[in-house]
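Accompanying notes for the structure given below.
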Amino acid sequence: FLSYIMLFDGAFKQPLQTTTLFFGLIVGVALTISTNSLLNWFKKKKDGSDINYTKTDDIVDGVLGLVGNTPLMRIKSLSEATGCDILAKVEFLNPGGSLKDRVALNIIEKAEEQGLISPNSGCTIFEGTSGSTGISIAIISRAKGYNAWIVMPDDQAKEKYQLLEKLGVTVEKVRPASIVDKQQFVNLAKIRAEQFGKQQNLQQGVVEDNSGKAGFFANQFENLSNAEAHYFGTGPEIFKQTNGKIDAFVAGAGTGGTISGISRYLKPLIPSLKVFLVDPPGSGLYNKVKYNIMYSPYEAEGTRRRHQVDTIIEGVGLNRMTENFNTAHGLIDDAIRVSDEEAVAMARYLVREEGLFVGSSSAINCVGCVRVAKRLGPGNRIVTILCDSGQRVCMFIIINVTNGIENLDVVVIKLSYWLSVSLSQSINLSIIQKFQQHL
């Protein structure tokens, strides 16, 4: 019996030893792999080689990828003062500093689709503009492989000319003139584009042979790619950012593309939405919306003081209908006239209360929002556009002391825009004090 027990005990120990050895090998291999992995992880962490450079949706491709998708901000001080939710689309955060980046990009891309231009082939984009569109065209053109030629009135803020020149653009300054004048800046840009490539251009005594190269007139006033940029871009962004909860939209019109494109997108989705146009002095759009008559009192014989629009507000106001503005027919519910004094006061208010330094066209939009808020009452949501910042516009005014604030004499002054600054010693301080009394 004892011999049987010993035999059984030997048979049992042999497989137990084999199993123990097998599990020992597995544990050893696992520990080795884990240790090596841990050491490699510490090594990568130390030299940064574990960073993943794979392109994601958070990385945009070049400057063009920065255009659009701007934030919508609540203007706290105006919202609290009016009891309404006043929201502003911050378009000056586009790479070119204004909402015109959207327009320039869409116009150029549409021209490419139609085979009118092609990049890196010597093509030049021509445009007549008061500044912001020219800057946008300059940046987009550079990014896509084109040259740019900008024709501007010679009474705009000097910062615009300087920036365009730094961007390597050909800048042609002309006197402000009526649209019926062939030398008016928009008409002249069209002529330059038509002449380009058909003959040798003479500029500053240098002969440049542009034969075979295309000249394309962007034509922001009449080219419907302008309004389309807002219909397919800005409008949908606003709708998404507000979840479609908007009571009023407020905007000015320079070409008409912004207000028409956005209202055409939003109105069918929000039938109760009210659209308000804000208009500066000298523009006829206010009367066009209110009474269907394109007229401004400044157009009366003997009252015109400036060739284009009698206001220090740049970038908005028209005395003619454009194709882009026509697409907003029946969509604009009312118009609001905003004075230079109100724009100045609003711009200063936003700097003081918000630390927000906006351009003149943005300032009148905010004035319009306050007016609409008072009309609609508390609890409404109003959306507007901050078209550009104040950094590129340094316009100021001197008041004719003898005539007072009611009869502004706009003299060209290039100073620190809207802010309280020290004026030149040659300017009588009594003029400045009189000006400040009215703000």
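Packing-based ranking of 257-267, 375-385 yields 257-267, 375-385, ordered from highest to lowest mean Cβ neighbour count within 10 Å. What the phi angles of the stretch 163-178 give under the Karplus curve with 6.51, -1.76 and 1.60, with θ = phi - 60°, is a coupling list of 5, 4, 5, 5, 7, x, 8, 7, 10, 10, 9, 10, 5, x, 8, 5 Hz, glycine and proline written as x. Where Lys and Arg each count +1 and Asp and Glu each count -1, what net charge lies around Phe239 among other residues with Cβ under 14 Å from its Cβ? Result for the local shell: +4. With the charge dipole of the stretch 71-114 set up from +1 on Lys and Arg Cβ and -1 on Asp and Glu Cβ about the Cα centre, the Cα lying farthest toward the positive end among the listed residues Gly96, Leu72, Gly83 is that of Gly83. Taking each of Lys190/Lys288; Lys190/Lys240; Lys173/Lys290; Lys160/Lys290; Lys288/Lys374; Lys182/Lys274 in turn, the alpha-carbon distance tops 31 angstrom for Lys190/Lys240; Lys173/Lys290; Lys160/Lys290; Lys182/Lys274. Close amide-amide hydrogen proximity is noted between Ala148 and Ile125, Thr170, each under 5 Å apart and 5 or more residues distant or on a separate chain (H modeled in the peptide plane; Pro and chain starts excluded).
Sorting check: for 139-151, 108-120, 69-81, which peptide has the highest mean count of neighbouring beta carbons within 10 Å, and how do the rest follow?
Numbers: 139-151: 22.5, 108-120: 14.2, 69-81: 16.1.
Going by the mean number of other Cβ atoms within 10 Å, highest first, we get 139-151, 69-81, 108-120.
In what sequence, highest mean first, do 334-340, 190-196, 272-278 appear when ranked by Cβ atoms within 10 angstrom? Write down the numbers at each step before the final one.
Working: 334-340: 19.7, 190-196: 17.9, 272-278: 21.4.
Answer by packing, highest mean first, reads 272-278, 334-340, 190-196.
Here's how it looks for Asp85: its modeled amide H is under 5 Å from those of Gly379, Asn380, Arg381, Ile382, which are all 5 or more places away or on a different chain. Couplings 3J(HN,Hα) of the stretch 146-162, computed from phi: 10, 9, 9, 10, 10, 9, 9, x, 8, 10, 8, 4, 5, 4, 5, 4, 4 Hz, in residue order, whole Hz [Karplus 6.51 cos²θ - 1.76 cosθ + 1.60, θ = phi - 60°; x for Gly and Pro].
Laboratory data are not the source of any read-out in this text; all were calculated from the coordinates shown. Computed from a predicted structure; not experimentally measured. Here the Cβ is made from the backbone with ideal geometry for all residues, glycine too, and neighbour counts use every protein chain on show.
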